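A quick write-up on the structure given underneath.
The values are calculated or read from the model by the stated rules, or taken from the named source; none is laboratory data. Just so you know, these numbers come straight off a predicted model, no measurement behind them. We place every Cβ from the backbone using ideal geometry, glycine too, and count neighbours over all the protein chains shown. The accessibility values were calculated without ligands, DNA or RNA, using every heavy atom of the protein model including side chains. Shrake-Rupley method; radii C 1.70, N 1.55, O 1.52, S 1.80 Å.
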Amino acid sequence: MTETYFPEGKEILTLDQFVERLEASGIVPDLRASRYTPEAMSRVAEWMAALARDPDVLRGLLVDGLADFLNYQVDNDFKPSTLMLHKGDGYSLRAVLWMPPSPQHPPEIFSYYETHDHSFDFFTVGAFGPGYRTQLYDYEYENVRGVPGELVPLRFQEETGLPPGKVMYYYGSRDIHTQLPAPSISASINLLLPKTYPAHRRQYEMTLEETPEGVFGKLIAGNVDRQAQERALFETAAAMGDTDLHEALRNIARHHDTPQVRALAWQSLLPNSKHLAEDVGLVRDDGDPHVRAALSQWV
C-alpha cells in the first residue's frame, strides 16, 4: 500500500541541494533493493516537500525551455507531459504536468482513467495547483501470469488527491492506481527509483472489472508502450532474415528473465524461422505456461 506523508517543515531546498543531500544519504541503493526503513523514507519525503516549496524548480525548468525551445527536452523519452529535472546514479527526477482534459489535451496523454502499476518505486509530491485525484489498489505480482485478458484480484485502498506539499511513495509491482483529471493546471515532482531487487518486473495496464466476488483488473497487456517497442524491434529483426539477427533473437527467446519477453521473441521469430522444427522444440523446453499459451499455434 502506498505511503503518505504530510511534512510540516518550512525548509526550502534548491534542486542542487536536494540532489546533494539525497546522494550523500546513501538511501537510494536501499530503496532500489527493497530495503525499507521508515525513518529514511520519511526523511526523503521531507526533502521532496522542501524541493516542491522552491518555486524556482518549476519556474527555472519552464524559463530554460522557452528560452531554448528548439532544443528543449530533446532527450526526454517520457510522455509529453513529463519534463526531466535531473538524472542521477540509479535514480531520476522529473516534473509532471497535469492538464484538465480538453480537445487539445486528450486524457491518454496524462494516463487519466488508465489503471496501471509501475515496475519501479517512486516518491511523488504536489508542487503546483490542486493536483489530480487517484484511486489506489494493491495486488500480488507473483500471482499474475501476465496474459492479456487475465483477471487480477485487486484490493481497494483509497481515493485521494495530491495537493501541494503532500508526498506519497508508490511501491513498484505492488501498488496500482487510476489517475483522475486535475480540475485545473497542476504539477507534481517525482523521484523514480528503478528496482535492482526484485528486478526485471513487467508493468501492467488493465481495465477495472467489478464482480460480486470483488474488484479485478483485466489485463490489457504488459507495459503497453515498452511491449510495442519490443515487438517492433523483434519483428523487424526477424523479417530481415539475417542469420546473426535471428541468432540474437533466439538467444533472447531462450534466456531472457521475463517470460513475456521470451514469448514475444518467439512470436516474432517462428514465422520467419529457417529451423522451425528445432525452434518449436526449444519452445517446448521452455516450460513456462505464458510462453506455451502464447505460442500454442506452433506447439
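The table that follows gives values for the structure above.
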read-out	value
Heavy atoms of residue 23 accessible to a 1.4 Å probe, total area in Å² rounded to 10	100
Cross-link partners of residue 166 among lysines (Cα-Cα below 19 Å; sequence separation of 8 or more within a chain)	10
Mean Cβ neighbour count within 10 Å, used as a protection proxy, ranking 122-129, 33-40 highest first	122-129, 33-40
Table column - 3J(HN,Hα) (Hz), segment 180-194, Karplus curve with 6.51, -1.76, 1.60, x for Gly and Pro	10, x, 6, x, 8, 3, 9, 8, 10, 10, 10, 10, 8, 10, x
Candidate residues 185, 109, 176: accessible-area rank, largest first, probe 1.4 Å	185, 109, 176
Length gained when the stretch residue 59-residue 278 is fully extended (0.36 nm per residue, less Cα-Cα span)	72.9 nm
With all protein chains modelled, accessible area of residue 120 [1.4 Å, Å²]	40
Cα centroid separation, segment 189-206 to segment 165-179 (Å)	11
Solvent accessible area, Å² - residue 114, 1.4 Å probe, full protein context	40
